[in-house]
Amino acid sequence: MIQISGVIICLSYILGLLFTAIPWGGFWILLLSVVMAIFLQRRRFTLQKVLAKTKTAPQLSNIPHFRVWLIAGVVGLLATLYLPLRVPQAGVNDISKFVPPENTNQEQLLIVRGEVISTPRLTRSQRGQFWLEATKLDEVKNDKGPVGLSKGVTGRLYVTVPILQATGLYPGQEVAITGILYKPKPPSNPGAFDFQKYLQQEGAFAGLVGRLVNVLDEEQPSWGWWQIREKILRSQVKLLGIPAGPLVSAMVLGSKAVDLPYDIRDTFVQAGLAHALAASGFQTSLILGVILGLTKGFKKSTQITLGSLALLIFLCLTGFQPAVLRAVIMGFGALIALALKRKVKQLGSLLVAATILLLFNPLWIWDLGFQLSFLATLGLIVTVPPLTQRLEWLPPAIASLIAVPLAAMIWTLPLQLFVFGVVPTYSLLLNIISTPLISVISIGGIISAVFALIVPDVGSAVAGVLNYPTDWLINLVEFFSHLPGNSYAVGKIGIWQLFAIYGLIISVWLINWWQKRWWFAFFIAFGLVLIPVWYSANTLFRITVLAADEQPVIVVQNQGKVTLINSGDEGTGRFTLLPFLQQQGVNKIDWAIASDFQNNGNSNSWLEVMQTLPIKLFYDYAPTSENLLISQVIQQELQKQKGVYQALSVGQTVTTDVIIAQLINQESPILQMQIQGQSWLIVGDFKSTEVRQLVQTGGIPRPQVLWCSGESLKELVTILQPQVAIATSANIDQKAVSEISQGQTKLYFTGKDGAIQWTPQREFEPFIQTTENKTSVL
């Protein structure tokens, strides 16, 4: 009875944290507990009467008492109140309060003093990044000085500096950084990374783009966990080299503790092996297994002491990540069971670990790493045994190889579809094949790390033995990640689909009727994902103007057919276009139209897109002598994809399913389009006399929708008088904006409003405003 009551109360606390995502969540969970209490209490009374008539001793311990449900409801209600109290808030003197306004014409240099609190890492833009605990802020009045008055500040700061400036920095060092403060913005495009939310979860509300780092404390500390990590990494890299050395270290300590090259990290994630780079239960079980195996003849107190010490050292080395904390707590549970000579109840241990962690930091309930770790472990506990039984016709070793990744995939895939909307097609097969290699590398890496702390050269020699297995694993992952159709975008599923699928999974786990009809549950879950995707693909018509700095990037979706107009600057393809298209469930681009609006050869972004999504027909208005080489690379990539490349000259017309496009001018680019009878005009760098002349001579009609830069907005609206104008930047004269707003033209700014989307039902909608309206309800 005590155990059931504890389970109910723990689950109520976790559900209470989850219910903070819905309005009046605390009220609903309290109401739910009262309903359950009344329902089960009636069942309890009915059962008591039946047992009394049959004169049987009452066995009611499996039915929790009324007060247990009421206590659980109150705990859930308190959880909904507790989480908001723990949300980080900027203090009175937080450094984010001193960020200069964005509308200033000149960049304001500041000097921030503070303590480095993390080991520098390399960003994708090849800059050094670290966290700083700010203590003092000085204003630089000019490049040579003098410096303004100092201000005492508090708060964490996300700092990026040139890579050479970050070299040699270490945690605990006092530094003064000259740079530009900024506040993170919410995502501007659907599917984009929410940098503002990420910083808030880390307790930071501002960033610093550093230019110069002055070290104020040259004395190196005598000891630190970061030094031990560096010692292990250097020892393993010595003979393995890069990327094999950092990969082995990441498989031991986790990728968050090791600066793993992004190409290796991305390849593993794309192939569905991201869990191999995350320190969690696999490493802790190996460590405990080795410790208990080596101390088998020792006293239990010695085994428990050494096991606890090993777990604590591992926890400190990995950097207190939620997944590792969960695994370590469950490891301590196993040691306690060993001391009490009792069998470990893994499900109860997992629930206790989750409750303890969420009491310590309730915000982890929304941490994706914590969620995936919890769900994968739950799958291993409750789903591996029945899967192994159904695979009993196979040798036990092979049955286990299949059951373990399949169980983890069953419980984590719905969440992955909710967050990313992408399925790694060969993930299950790759996990089955790679498990022996991962096990060998992980065990060898742990042994190498231990020796590296004692005798670094011996640790290097042990790591050198892993050279071939590591190379085989890298080649295997690269092979699968380059196979055709290595990932399939189904689009992000909705919250109701997520709950429905997990409801089916839990039903198959707990209810005997569903266990016998698991295949029926599978087909229902399959339909819950694919039927909405099929319906959307066959009915949706939408135009999306993405926020891509000064480039016009437009995606037209029409009943499963996709047209992409321009790809933006380098980086736009990877960080803006691909996340958006994958979120929409797009797996190919039917038509692509390239027109270089900045005259800087934006074809690099096209290559970023084509590495993931094939293009069937590519129209190129931009082939010039300046970017001819990149155009040739695009043609070669299209040939591999069996796509068609067509170079166009100014004045030629492009026709797709719903678009008629024509580039009128290239030096001052003007792209005219008809999209389902709606006239669009995309204007780049121009001279007002040219546009006025084209309008007067009938060279271009007055458009219904105009896209242009913020600098030319007022002049173009005056000349063209469109119904809707979309400008790239909101940093223009407010007087000019108010004058334009007095007319009939409706204004949108991608720099302020984010992506602009148009559908026949809802007309034009700014992404940021729509997102704020949705989140304000929650």
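The values are calculated or read from the model by the stated rules, or taken from the named source; none is laboratory data. These figures come from a predicted structure and were not determined experimentally. Using ideal geometry, Cβ is built from the backbone for each residue, glycine included, and neighbour counts are taken over all protein chains shown. With ligands, DNA and RNA removed, areas are computed over all heavy atoms of the protein, side chains included. Shrake-Rupley method; radii C 1.70, N 1.55, O 1.52, S 1.80 Å.
Within the set of pairs 6 or more residues apart or between chains, which connect a residue that is touching a residue at least 24 places away in the same chain (Cβ under 8 Å) inside the stretch 501-522 to a residue that is assigned to a helix (DSSP H, G or I) and among the hydroxyl-bearing types (S, T, Y) with Cβ atoms less than 9 Å apart?
Partner pairs satisfying both residue conditions: Q515/S507.
Sort through W69, W24 and tell me the only one that's aromatic (F, W, Y), open to solvent by 80 Å² or more (accessible area, probe 1.4 Å), at pLDDT below 85 and out of contact with any strand residue (DSSP E or B) (no Cβ under 8 Å at 6 or more places or on another chain).
Just a single option satisfies the conditions, and that option is W24.
Output yes when any residue across the stretch 272-293 is farther than 24 Å from T435 by Cβ, modelled with pLDDT under 85 and outside any helix (DSSP H, G or I), and no when none is.
No, the stretch 272-293 contains no residue that is farther than 24 Å from T435 by Cβ, modelled with pLDDT under 85 and outside any helix (DSSP H, G or I).
Search the stretch 179-201 for residues that are under 19 Å from N361 (Cα atoms) and pair each with any residue that is assigned to a loop (DSSP other than H, G, I, E, B) and among the charged types (D, E, K, R) when their beta-carbon atoms are under 8 Å apart and the residues are at least 6 apart or on different chains.
Q201/D367
So which residues in the stretch 234-268 are surrounded by fewer than 18 Cβ atoms within 10 Å (Cβ to Cβ) and aromatic (F, W, Y)?
Y262
What is the number of the single condition among (1) within 16 Å of G210 (Cβ to Cβ); (2) among the small types (G, A, S); (3) surrounded by 14 or more Cβ atoms within 10 Å (Cβ to Cβ) that S188 does not meet?
Failing condition for S188: (1).
Is one or more of the residues making up the stretch 251-269 closer than 20 Å to F370 by Cα and in contact with a Pro (Cβ under 7 Å, 6 or more places away or on another chain)?
yes
Checking K616 against (1) in a helix (DSSP H, G or I); (2) open to solvent by 30 Å² or more (accessible area, probe 1.4 Å); (3) at pLDDT 85 or above, which test does it fail?
Among (1) in a helix (DSSP H, G or I); (2) open to solvent by 30 Å² or more (accessible area, probe 1.4 Å); (3) at pLDDT 85 or above, the lone unmet condition for K616 is (1).
Going by the structure shown, is L391 surrounded by fewer than 21 Cβ atoms within 10 Å (Cβ to Cβ), under 19 Å from L277 (Cβ atoms), among the hydrophobic types (A, V, I, L, M, F, W, C) and out of contact with any strand residue (DSSP E or B) (no Cβ under 6 Å at 6 or more places or on another chain)?
no
Does the stretch 170-185 contain any residue that is open to solvent by 50 Å² or more (accessible area, probe 1.4 Å), modelled with pLDDT under 90 and closer than 30 Å to R542 by Cβ?
So far as the stretch 170-185 goes, yes, one or more of its residues are open to solvent by 50 Å² or more (accessible area, probe 1.4 Å), modelled with pLDDT under 90 and closer than 30 Å to R542 by Cβ.
If we keep just the residues of the stretch 411-425 that are open to solvent by 60 Å² or more (accessible area, probe 1.4 Å) and in contact with a helix residue (DSSP H, G or I) (Cβ under 8 Å, 6 or more places away or on another chain), which is farthest from H275 (Cα to Cα)?
Among those that are open to solvent by 60 Å² or more (accessible area, probe 1.4 Å) and in contact with a helix residue (DSSP H, G or I) (Cβ under 8 Å, 6 or more places away or on another chain), it is F418.
Output the number of residues of the stretch 432-484 satisfying the condition of being among the β-branched types (V, I, T), open to solvent by 30 Å² or more (accessible area, probe 1.4 Å) and touching a Pro at 6+ places or on another chain (Cβ under 9 Å).
Of the residues in that region, 3 qualify.
Considering the stretch 173-183 alone, what residues qualify as being more than 25 Å from G319 (Cα to Cα) and either in a loop (DSSP other than H, G, I, E, B) or aromatic (F, W, Y) (or both)?
Y182, K183
Which one is surrounded by the most Cβ atoms within 10 Å (Cβ to Cβ), of the residues in the stretch 192-203 that are touching a helix residue (DSSP H, G or I) at 6+ places or on another chain (Cβ under 8 Å) and over 14 Å from I768 (Cβ atoms)?
Only one residue tops the list, namely Q201.
Does the stretch 331-368 hold any residues that are among the polar types (S, T, N, Q), open to solvent by 30 Å² or more (accessible area, probe 1.4 Å) and in contact (Cβ under 8 Å) with a residue 60 or more places away in the chain, and which are they?
N361
Would you point out the residue of the stretch 744-761, among those that are of a type in the set (S, T, N, Q) and touching a Ser or Thr at 6+ places or on another chain (Cβ under 9 Å), that is least open to solvent (accessible area, probe 1.4 Å)?
The selected residue is T750.
Return the residue satisfying two criteria in turn: it lies in the stretch 294-311 and is closer than 18 Å to G445 by Cα and modelled with pLDDT of 85 or more, and of such residues it is surrounded by the most Cβ atoms within 10 Å (Cβ to Cβ).
If we take residues in the stretch 294-311 being closer than 18 Å to G445 by Cα and modelled with pLDDT of 85 or more, then L311 is surrounded by the most Cβ atoms within 10 Å (Cβ to Cβ).
Quick one: which of K299, K341 is at negative phi and basic (K, R)?
When all the criteria are applied, what remains is K299.
When T318 is evaluated against the numbered criteria (1) touching a residue at least 60 places away in the same chain (Cβ under 8 Å); (2) open to solvent by 20 Å² or more (accessible area, probe 1.4 Å), which criterion, by number, is the only one it fails?
In the conditions (1) touching a residue at least 60 places away in the same chain (Cβ under 8 Å); (2) open to solvent by 20 Å² or more (accessible area, probe 1.4 Å), T318 misses (2) alone.
List every residue pair whose Cβ atoms sit under 7 Å apart, with the two residues 6 or more apart in sequence or on different chains, where the first one lies in the stretch 148-172 and is in a strand (DSSP E or B) and aromatic (F, W, Y) and the second, anywhere, is at pLDDT 90 or above and open to solvent by less than 60 Å² (accessible area, probe 1.4 Å).
Close Cβ pairs satisfying both conditions: Y158/W131; Y158/L199; Y158/A204; Y158/G207.
Could you please let me know if I634 is under 27 Å from Q582 (Cβ atoms) and at pLDDT 85 or above?
When the stated conditions are applied, I634 does not pass them.
Determine whether the stretch 2-17 contains at least one residue that is at negative phi, modelled with pLDDT of 85 or more, of a type outside the set (A, V, I, L, M, F, W, C) and open to solvent by 60 Å² or more (accessible area, probe 1.4 Å).
Checked against the condition, which is being at negative phi, modelled with pLDDT of 85 or more, of a type outside the set (A, V, I, L, M, F, W, C) and open to solvent by 60 Å² or more (accessible area, probe 1.4 Å), the stretch 2-17 yields no hits at all.
Do we have V328 as closer than 20 Å to I356 by Cα, more than 24 Å from the chain's Cα centre (by Cα) and either buried (at least 20 other Cβ atoms within 10 Å of the Cβ) or at pLDDT below 85 (or both) here?
yes
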